[in-house]
Amino acid sequence: QVQPVESGGGLVQPGGSLRLSCVISGIMFRPYTMGWYRQAPGKQRELVATVNSDGITNYADSVKGRFAISRDMDKNTVYLQMNSLKPEDTAAYLCNFQSPGDFRWGQGTQVTVSS
């Protein structure tokens, strides 16, 4: 299967916003879950937000109320709108797609929150 491709990372000041995009090519069998994880240097990879094939979303407590995940299945794209960014949000953000027998990671896009 084709690897997801992320975009939209960058450098932003605290309090700023970014929108990440991830294009997931190939066949997607239900049920599936797609979403975003992040990994900061020296830390474990952690879930940020996911959405499943029923449209049910799940967020890490640390991003609730600030981040929003959405998908456009006509474009095979999942988005992560990130608002009120904090320095502790700095990490590589990786897109993930999973369904029975299918597990894919993107290469990641770097988000740096700094003044």
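The values are calculated or read from the model by the stated rules, or taken from the named source; none is laboratory data. Quantities reported herein were computed from a predicted structural model and do not represent experimental measurements. Positions of Cβ are backbone-derived with ideal geometry, glycine not excepted, and every protein chain shown enters the neighbour counts. Surface areas here come from the heavy atoms of the whole protein model, side chains and all, with no ligands, DNA or RNA. Shrake-Rupley method; radii C 1.70, N 1.55, O 1.52, S 1.80 Å.
Tabulated data for the structure shown
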{"quantity": "Sequence of 94, 47 when ordered by accessible area, the most exposed leading, probe 1.4 angstrom", "calculated": "47, 94"}
{"quantity": "Whole-Å distance, taken between Cα centres, linking the range 49-99 and the range 1-33", "calculated": "8 Å"}
{"quantity": "Heavy atoms of residue 64 accessible to a 1.4 Å probe, total area in Å² rounded to 10", "calculated": "120 Å²"}
{"quantity": "Restricting the range 4-42 to chymotrypsin sites (Phe, Trp or Tyr not before Pro) in coil, as DSSP defines it, with at most 13 other Cβ within 10 Å", "calculated": "29"}
{"quantity": "Under 21 Å from residue 86, Cα to Cα: lysines that are on another chain or at least 8 residues apart", "calculated": "43, 64"}
{"quantity": "From phi via Karplus (6.51, -1.76, 1.60), per-residue ³J(HN,Hα) for the range 87-98 in Hz, x at Gly/Pro", "calculated": "x, 6, 7, 4, 4, 7, 9, 10, 8, 9, 10, 8"}
{"quantity": "Nearest-10 value in Å² for the accessible area of residue 7, using the 1.4 Å probe", "calculated": "60 Å²"}
